[in-house]
Amino acid sequence: MSEEQVNTTQQGNAKTDWKRFFNYRFIVKNIPFFLFLSVLAVLYIYNGHYADKLVRKIAASEKNIKELEYEYKSVKSEVIFRSKASELVRAVEPLGLRELSRPPILLDSLK
């Protein structure tokens, strides 16, 4: 036999080996395994989508928290500014209230 014939014979045997390996009986016998692999693939895809959605939710929550933190700081600084004594005097002046010029009288000291 020549080398060419040996190579074609080996290739032919390789093809028949694959054909014997993937025959009808093998496929039917391994249907549960193929279904298991399919379920794993679906779960893998679902897990990827779920992780992406969760990352987007976390990013949106972090952005919202930052905005609320800035709002808190601005409101807090405004409250501190308005609670200063000079600002309180200006705020109640239109109502006719004014700051005392003398100290208050204690009722216990009148006895």
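Enumerate by residue number the GluC sites (Glu not before Pro) in segment 41-111 meeting two conditions: DSSP loop (anything except H, G, I, E, B), and at most 13 other Cβ atoms within 10 Å of the site's Cβ. For GluC sites (Glu not before Pro) across segment 41-111 that sit outside H, G, I, E and B with at most 13 neighbouring Cβ atoms in 10 Å, the list reads GLU99. The slack between LEU100 and ILE27, meaning 0.36 nm per residue of separation minus the straight C-alpha distance, is 16.4 nm.
No lab work stands behind these numbers, since they all come straight from the coordinates. On a predicted model such as this, the values are computed, not experimentally measured, just so you know. Quick reminder, even Gly has a Cβ in these numbers, built from the backbone with ideal geometry, and neighbours come from all protein chains shown.
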